Structures are given as structure tokens and as C-alpha cells.
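Heads up: the structure comes next, in C-alpha cells.
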Ligand SMILES: *Cc1c(COP(=O)(O)O)cnc(C)c1O
């Protein structure tokens, strides 16, 4: 049994009725930290013993293969982080400077940055109020009322730029409504690129994220479901795109001996040592998902009857991995707002976080055409994410629950 199983499953499990009634002392409880109780050290040591610590070595290919198998995608290309995977995906999908790419306002800023890196422009769309993902009806509204066809191409009437792609982001472990998004993409001739960086393992109508469009990206940053410290992966069903992605992420090298480079490439390679860590993490992924779901179920149960708190929900068509556990705090009913609760929990050594500033309001992007994303704004005001590390013990979770229930 791995460390996390020992830590977690041997703790006593109080009946749900008792949740939040007992004060439990705790040490610092972080929001979300890596769980490294598997074969990480052994595999990394192997790299050191064999001297394959950098870009050469057998494990990058092996990690790509195993990852593709897990997700169910035909091809996978490992990258140095999730942002570089997104950047590469946009390039191989043919997105050009000044093209517009539809994406949610409520997400981590890396998605918008990747679009910006190639000189393209993000179009920020509001969230749906129930599951907080990009709202397909608002994408449709944008396409119908703000875009027009010229010479068989779709243009944004306000900016005059071509509208080329949708980049749905499955935020917080929950998939977007992909049928609706893919239908719109087919109707308007748009490319779909999944930003699946937060939702590895989640499924939409039984199909895993990463296989719901022809190209998708993942991240192995420290707070993601599995981590390599820093790392990412691009997956695709398009063989040509996969080949091009591998080429571009490895400095576009045509002749390794004579240093002939056929294009401007990038140094976006993952190292053998990090691939080793990724393989060890991937071995534990089913257990990690199980743990995340268990943590979310317990919080949901504990807060069910607390006035003013509403836990994140799972859509009928979704199986969320609950990468993050996020709830909304209604100031009137709970008696304190989300930031007040954050400060209060911080005093008890419990780390919590709001969601991201909606990007249409960000100093980095607010110069773009103004957009109405009022749900994203409201969610940002109300949301608070609670500790949800895979290694969170039941006792630690009890402390968090006690403080949340009794802080009002
Ligand atoms: C984590 C994340 C990324 C970027 O991943 P990195 O590995 O940190 O570069 C991109 N998009 C979203 C939505 C993310 O949460």
C-alpha cells in the first residue's frame, strides 16, 4: 500500500451527521499539494544511475505512450509545461496572428496568454451559472449577433478579425458541455482546442476529456492532479499535428548532426527525469481521482445544510474529478463573504483561495473589446476553494469543515 493509502484510509471515518461538530486542532493545511508516495524516487534514481537526466532517454516516449493510453488519445507529445502545450496546439491547429479564439473569461490566465503568444486574440465568454464552465449559449449568441461571413470566412463585426477557434477550458475538474460546443464549431467552421489542464481523468458522457476535440492540452504543474514539478502534454487524434508538435517543441531540428532547422522551433521538451516522475504519478492516478471525489463528497455532505454555502455541482452529463473543491459563499445567508472567510480560515492555519479574476477584467487583457461576463464576475466574488490535496487526511478535512461550519 502506498503512503497516501496508509495516511488516508486508516483514519477513522465519522458518520456524516457528526461532521462539523467537533473541534480538531490542526497544523498548516495547504490548498493543494503534490502526493509523491509512489515510485517517483525510484524512477528518478534510475535516470541518475543511467545518466539520462535531460532530453535524451527512454522515458519521455514511454510517458507519452502511457499517457495517451490513459486518456484514450491516439498521439501524445510531452512538453515543458501546460502553457507551452497550449501554445504549440494553437500553432499546429493553424491559428494565425489576428485570428480570434473564443475562450471563457473565468479561467487561469495561461489560456489567454498562449493565444496572445502567437499574436491571436482571445474573445472572452461568460460562464454558465450552474457548472461554471464556458456557456455554449453565450458562445452561440456571440457567433450569431457579433460575427458575419465574408468570402466564406467568419469575422468579428466589431474588430474585423477572423474568428477561427474555440478553446473550451474544463475548469476545476469538471468538463464543459462539449456536444453543444462541437455543434457550434461544426456549424461555424471553427477548430476546437480543449484546455484540459485542470481536468485530467474527467469524463463527458462517458468519454474522457482530451478526446472530445481533435487536440487537447494537459498540465503537470505542482497543484494539478498528477505532477512532474513542471510539465505538460499535448494529445491529438491528428497524426500530422502530432508530428509537427514534436518537431516544433524540439527546436524544429531537421538534421541533428549538421544542425539544420527547418522552422523556428521552441525548446519545449520535457526531460527524461521529469518523465520518470510522470510515469510514477500516472501509476497512481486512479487512486488520486478516487481521493478527490471522496474529499468533494465529504465537503458537499457537510455543507449541505449550512445556510449560504453551495458546493460545486456535477452536471448530469459529467463525471468530475473534483481537481479543486470550490464553494460559493452568500454573504447575506452565511453572514460573511468569501474573502472574510478566507481571512478567518487563514488564522486557523487553513489555506483557501478565491477563483481567478475573470480575464476580461484583468489589467493584462481589459483593453480588448469589453464583454459582458457578469456570471464570471459573480462567481469570482462568491467562490472559495478549500484544501483538497490527495493526501488530505480525514482529520484535516474535519478541521476545515469545523472551521467553515463554525465561522459564521
Ligand atoms: C494550470 C493551467 C494551465 C497551464 O499549465 P502550466 O503547466 O502551469 O503552464 C493552463 N490553463 C489552465 C486553465 C490551467 O489551470
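Within the chain, antiparallel bridges make up roughly 65 percent of the DSSP beta bridges whose residues both belong there.
Work out, step by step, the length gained on full extension between residue 62 and residue 161: first 0.36 nm times the residue separation, then minus their alpha carbon distance; give nm to one decimal.
Net length gain for the segment: 31.5 nm.
Across the chain, the mean sequence separation of Cα contacts (distance under 8 Å, 6 or more residues apart), normalised by length, yields a relative contact order of 25 percent.
Multiply the residue gap between residue 141 and residue 207 by 0.36 nm, knock off their C-alpha separation, and tell me the result in nm, one decimal place.
Stretched out fully, the residue 141 to residue 207 stretch lengthens by 21.1 nm.
Rounded if a/c is under 1.5, else prolate if a/b is larger than b/c, else oblate: which is the chain, with a ≥ b ≥ c the root eigenvalues of its Cα gyration tensor? Oblate is the answer for the chain, as a/c is 1.5 or above yet b/c matches or exceeds a/b. Put simply, the convex hull of the Cα atoms in segment 176-218 casts, on average, a shadow of 2.7 nm². Using a Gaussian network model of the chain in which every pair of alpha carbons under 10 angstrom is joined by a spring, one finds that among 293, 62, 253 the greatest mean-square fluctuation is at 253. Please label the shape of segment 142-209 as rounded, prolate or oblate, based on the square roots a ≥ b ≥ c of the eigenvalues of the alpha-carbon gyration tensor (a/c under 1.5 means rounded; beyond that, a/b larger than b/c means prolate, else oblate). Verdict is prolate for segment 142-209. For the pair residue 346 and residue 381, how long in nm is the line joining their label points, each one 7 Å along Cα→Cβ? Placing both labels 7 Å beyond Cα along the Cβ direction yields 2.1 nm. Across segment 42-128, the volume of the C-alpha convex hull divided among the residues equals 140 Å³ per residue.
Here the spin labels are modelled as points 7 Å beyond Cα on the Cα-Cβ line, and at residue 263 and residue 187 they lie 3.3 nm apart. Across all directions, the average flat footprint of the convex hull enclosing the Cα atoms of segment 302-408 is 8.5 nm².
Mean projected area of the Cα convex hull of segment 150-265, taken over all directions, amounts to 10.1 nm². On the beta carbon distance between residue 253 and residue 50, with R0 = 22 Å, the FRET formula returns roughly 0.40.
For the peptides 104-114, 206-216, 356-366, the ranking by packing is 104-114, 206-216, 356-366, with the highest mean count of neighbouring Cβ atoms within 10 Å listed first. With a Förster radius of 25 Å applied to the beta-carbon distance between residue 31 and residue 283, the computed FRET efficiency rounds to 0.55. Taken along the Cα-to-beta-carbon direction at a fixed 7 Å, the label points for residue 339 and residue 23 span 2.9 nm. Comparing 82, 222, 160 in a Gaussian network model of the chain (Cα springs below 10 Å), the most mobile by mean-square fluctuation is 160. The length gained on full extension between residue 41 and residue 152, counted as 0.36 nm times the residue separation minus their Cα-Cα distance, comes to 34.5 nm. Shown here are the Rg and Dmax of the Cα trace of segment 248-326, at 21.8, 69 Å.
Hey, with R₀ at 35 Å, roughly what FRET efficiency would residue 310 and residue 366 work out to, going by the Cβ-Cβ distance, to 0.05?
0.75
Helical runs assigned H by DSSP (4 residues or longer) give the chain a calculated mean residue ellipticity at 222 nm of -11000 deg cm²/dmol, each run adding -39500 (n - 2.57) before division by the residue total.
The share of alpha-carbon pairs in segment 283-336 lying farther apart than 19 Å comes to 35%.
Each value in this text was obtained by applying a stated rule to the coordinates, not by laboratory testing. Given the structure is predicted, the values throughout are model-derived calculations rather than measurements. Every residue, glycine as well, gets a Cβ built from its backbone with ideal geometry; the counts of neighbours run over all protein chains shown.
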